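What follows is a short report on a single structure.
The values are calculated or read from the model by the stated rules, or taken from the named source; none is laboratory data. For clarity, every value in this text was computed on a predicted model and none was experimentally measured. Virtual Cβ from ideal backbone geometry, glycine too; neighbours counted across all protein chains shown. Just so you know, the surface numbers come from the protein's heavy atoms only, side chains and all, with ligands and any DNA or RNA stripped out. Shrake-Rupley method; radii C 1.70, N 1.55, O 1.52, S 1.80 Å.
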Amino acid sequence: MNPSTLIGIAASVLLLATVVLFTAQTPSSFFNFPGLAIVITGTLAATFISYPMREVVRVSRLVGLVFRRENSRIDADIQTLVSMARHWFRGNIRAIEAELEDTRNPFLRTGVSLVIANTQDDEIHDVLRWRIARMRAREYAESQIFRTMATYAPAFGMLGTLIGLINMLEVIDGGNLAVIGPRLAIALMSTFYGILLANLLFKPIAVKLERRTEERLIEMHMVMEGVMLIAKRRLPSFIEDTLNSFMAEHQDEIRDPVPRTSKRSREEETVA
């Protein structure tokens, strides 16, 4: 389980439990099946209308990525690139081909295969950049579906509110609270469900998928940089240092997090 997702789920459950247990006489007052059905059914219907069936089905399988912790293979990819660089520098192509068979990164495998095929550097660069652009477009489109659902959910919550108010106005003259109450519950709870689903489910999933895409793009750019250095026959030690610095987490490159004491101030303190 992804630890940040686990913390978010726990905090959400705690929030909902607090709302249900301490703000209402009975917890069942926060459950209204007609209002929930309006929001969920309407959101799903609008999503299927907006996107092709294959995209919706594919995205539904990605929800598990939000809960699963992915193990980064950056270090392994760097070591693989450095090892292949040594073989390429020595002209040992068979050793590179043997390593390619065990490589689990298809992007890295494609890049190195182009190198040992003596492809021109600019052509290798174009192919790899096209692969990166294609992956970025596909995965951002997938996360956009959840952002669209986050837009639809509150809208259908308002629709449920209007339906409940219209039905309530039809019987309000009778003054029968037993009839007015359920209709008013639909009116209020629909908006509650719409806002809740949009901000605790659909938007967080979209943001999580976008962050995953950004991390994958960084890894792909690192691999592309390594492949291009191999193609240029740079020293393996240089490639290793470059890739490690490429993936290193640095502080702010523009300003120091804490103001530094100026040279003049330090001299004044020394004199004092």
Checklist entry - Got at least one residue in the range 190-205 being over 14 Å from T43 (Cα atoms) and open to solvent by less than 50 Å² (accessible area, probe 1.4 Å)? => result yes
Item to check | Evaluation of T148 against (1) out of contact with any Lys or Arg (no Cβ under 9 Å at 6 or more places or on another chain); (2) more than 30 Å from L196 (Cβ to Cβ); (3) in a helix (DSSP H, G or I) (one fails), failing number | outcome: (2)
Checklist entry - If you scan the range 61-113, which residues turn out to be open to solvent by 70 Å² or more (accessible area, probe 1.4 Å) and within 30 Å of T148 (Cβ to Cβ)? => result R61, F67, R68, R69, E70, S72
Checklist outcome for this item: Only unsatisfied item for T41, checking (1) within 30 Å of E210 (Cα to Cα); (2) open to solvent by 50 Å² or more (accessible area, probe 1.4 Å); (3) at pLDDT below 90; (4) touching a Phe, Trp or Tyr at 6+ places or on another chain (Cβ under 9 Å), is (3)
Checklist entry - Name the pairs whose Cβ atoms lie under 8 Å apart, with the first residue in the range 218-235 and in contact (Cβ under 8 Å) with a residue 60 or more places away in the chain and more than 16 Å from R86 (Cα to Cα), the second hydroxyl-bearing (S, T, Y) and surrounded by fewer than 17 Cβ atoms within 10 Å (Cβ to Cβ), and 6 or more positions between them or separate chains? => result E219/S72
Checklist entry - Being among the acidic types (D, E), open to solvent by 70 Å² or more (accessible area, probe 1.4 Å) and under 30 Å from R131 (Cα atoms), is that true of even one residue in the range 234-247? => result yes
Checklist entry - Among the listed residues F22, F30, which satisfies the condition of being of a type in the set (F, W, Y) and either open to solvent by less than 60 Å² (accessible area, probe 1.4 Å) or over 30 Å from L165 (Cβ atoms) (or both)? => result F30
